[in-house]
Amino acid sequence: MSSASNDSAKPKLLVLIGPTAVGKTRMSLDLAKAWNAEIISGDSIQVYKGMDIGTAKIKPEEREGIPHHLIDICDPVHPFSVAEFQERCAALIPAIQSRGKLPFIVGGTGLYVESVAYAYEFAEVGSDDAFREEMRLYALNQGAEALHDKLRAVDPEAAQRLHPNDQRRVIRALEVYHLTGSTVSRQLEGQKKTSPYELCIIGLTMDRAVLYARINERVDAMIEEGLVEEVRGLLEQGVPGDAVSMHGLGYKEIVLYLQGHMTLESAVELLKRDTRHFAKRQLSWFRHMNDIHWIDCGENFNENLQTIHGIIAGKFRMELEYTINQPFDDGGNAQ
């Protein structure tokens, strides 16, 4: 049997990735309507209730009737993980297919998206509470950067992906190395890049200077919309400042301001800088992924949209006019 035949027997999965502020949300709505899709958020912070402004979460009234999944599914005190994301997608994707719709993952958290697209198997490494406490105290006494330097010494790739303020994940990466003698990055490299799905992955990118300007404008808009009040409200509700959710962009910086460690102006500038660095790390991660069809998002949105329609039609071997408002069968094929 040919590889094309094998692919056609797999369920279809559409994926849209790209750095923050590149325009994934707007593009995803038009694609979802055209291809009869339901959207699965591939964002590690949009899962949290009450964390709306800082995550640029699409409002219910903006979703144009398109179902969105894995948004507002847990409280901010819950340490949501890639394994949980993978588990939920394993149930969601066939459920979406059973409704005759196309599963469509949209997001910028590279590990989350890849873990589903290629069915990563995460080994049960275990834990060492004494080691975690030792690392926590080290960070407390020496600073987050010093802890991050420990990770950089043993796993530079993981250190590049993780922000120094993401203490939980930095400690976990160190713990994995401590327990196994193998780095998290080496374990990821060992994953088989084969997929249980017929994948079509679209990547959005744009000129770096333009992207950075959009990031700066987005941060200013978030402040105007009430980001400080949102973070203050979360803290008043009892969400710890060092919770996993609060390590998200827009939250850790404003927490520092609210705790009196810096002025609001400094926090905003830090947020802009951190977001630019995050976008750079996102692009670095995506560049190592397989089979991405990259689209340079210029000013002509409709032209880019038509290009993407052509890519999807070619990959899934069907014409767009036959898919609009048409259900998919259990294999993800238009009926």
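Since every read-out is calculated from the coordinates, none of them should be taken as a lab result. Everything quoted here is computed from the prediction, not taken from an experiment. FYI the Cβ positions are ideal-geometry reconstructions off the backbone, even for glycines, and counts take in every protein chain you see.
Values as computed for the structure displayed
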| read-out | value |
| --- | --- |
| Mean separation of Cα contacts under 8 Å (6+ apart) over length of the chain, as relative contact order % | 30 |
| Gain upon complete extension [Asp291, Glu189; 0.36 nm per residue less C-alpha separation] | 35.1 nm |
| Gaussian network model of the chain, Cα within-10 Å springs - most flexible of Cys89, Cys74, Cys200 | Cys74 |
| Residues of the stretch 48-88 with amide N under 14 Å of a point placed 7 Å along Cα→Cβ from Glu229 | 52-54 |
| Size of electric dipole in the chain: Cβ of Lys, Arg +1 and of Asp, Glu -1, about Cα centre, debye, nearest 20 | 600 |
| Within a Gaussian network of the chain (alpha carbon springs, distance under 10 Å), most fluctuating of Lys101, Lys150, Lys59 | Lys59 |
| DSSP loop GluC sites (Glu not before Pro) with at most 11 other Cβ within 10 Å: longest gap in the chain | 125-298 |
| Eligible aspartates and glutamates near Lys150 by straight Cα distance, threshold 19 Å, same-chain separation 8 or greater | Asp128, Asp129, Glu133, Glu134, Asp166, Glu175 |
| Kirkwood hydrodynamic radius of the stretch 129-189, from inverse mean 1/r over distinct Cα pairs, in Å | 11.2 |
| Beta bridges per DSSP with both ends in the chain, % antiparallel, nearest 5 | 5 |
| Pairs beyond 30 Å (Cα-Cα), from Lys280/Lys315; Lys33/Lys272; Lys33/Lys252; Lys12/Lys57; Lys24/Lys272; Lys57/Lys280 | Lys33/Lys272; Lys33/Lys252 |
| Spatial separation of Cα centroids for the stretch 206-278 and the stretch 79-156, in angstrom | 22 |
| Residue among Ala130, Ala159, Ala313 with the largest mean-square fluctuation in a Gaussian network model of the chain, springs linking Cα atoms under 10 Å | Ala130 |
